[in-house]
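Asks: Please find one structure pasted underneath; my questions will follow.
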Amino acid sequence: MIEVTIVEGTNDYPLKTVYFRNTKGWIIRESFYNPSNQPIIEEMVEFDDKNKISRQVLFLTTDYKIIAYRNLYQAGESERSDKRLGFTDYKLVNGEFKKISWMIYEPASKEKPFSKSLYYNQNDELLYYYVNDDATFTTKYFDKNNQILNDFYSFYKENFDSLETYETIKKDLLQQAQDKYYDNQEK
């Protein structure tokens, strides 16, 4: 049975969100509505036969047009030849889906007590990576030249304002809807 949870908008966050959960409690669909109860965007989550997420799809709800998606990969289940864990993000551009960014994840193991996540742009250029040390519970960020970044957030803001990912597309659309609401409130 699908469970539906509705979170009404507030003054701080005026968008209504509807969550659809499967029998395992995982969110399989999120719907976002403006304060006039008009649909903005929806996100669907597709699961593979092992009940692990394999794709997230973002679409405009007015015409149900897919605008972006993310392929998520398990070990050995990748469109990339290296078969590593991670994801690849795509965006609809001029009627065609184009790769906009991707990430590979190297999990910790008995031999190495740390995991590593490497982020790339649409041109397959390494942008940055970070290492999680499972023994000390610390994270260190590095630029593409292996230089440690002491202030990752400043580095990210200065260098990647234009980097598009699946998350930034979703965040930007929701922010635009909020801004439109607040602009109308001021009039």
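Asks: Are there GluC sites (Glu not before Pro) in the range 80-187 that DSSP puts in a loop and that have at most 11 other Cβ atoms within 10 Å, and which ones?
Replies: Taking the range 80-187 and a limit of 11 other Cβ atoms within 10 Å, the loop GluC sites (Glu not before Pro) found are E111, E125.
Asks: Counting C-alpha atoms alone, how compact is the chain: give Rg to one decimal and Dmax as a whole number, in angstrom.
Replies: 18.8, 61
Asks: Could you give the length gained on full extension between K116 and M44, defined as 0.36 nm per residue of separation minus the Cα-Cα distance, in nm?
Replies: Value of the extension gain: 23.2 nm.
Asks: Given the -39500 (n - 2.57) contribution per DSSP H run of 4+ residues, what per-residue ellipticity at 222 nm results for the chain, rounded to the nearest 500 deg cm²/dmol?
Replies: My calculation for the chain gives -5000 deg cm²/dmol from helical runs alone.
Asks: Quick one: if you stick a label point 7 Å off each Cα along the C-beta vector at S36 and R21, how many nm between them?
Replies: Taking the two extended label points, one gets 3.3 nm.
Asks: Oh, and also: Rounded to the nearest 10 Å², what accessible area does Y129 have for a 1.4 Å probe in the complete protein model?
Replies: Accessible surface of Y129 is approximately 20 Å².
Asks: Okay, moving on. Please compute the length gained on full extension between S109 and L126, using 0.36 nm multiplied by the number of residues separating them and subtracting their Cα-Cα distance.
Replies: 3.8 nm
Asks: Ok, one more. Taking 0.36 nm per intervening residue step and subtracting the Cα-Cα distance, what contour gain separates K171 from V4 on full extension?
Replies: Length gained, K171 through V4: 57.9 nm.
The values are calculated or read from the model by the stated rules, or taken from the named source; none is laboratory data. Only a predicted model underlies this, so the values are computations on that prediction, with no experimental measurement involved. Cβ atoms come from the backbone with ideal geometry, glycine included; neighbour counts cover every protein chain shown. Quick note on the areas: whole protein, heavy atoms, side chains included, nothing else; ligands and nucleic acids left out. Shrake-Rupley method; radii C 1.70, N 1.55, O 1.52, S 1.80 Å.
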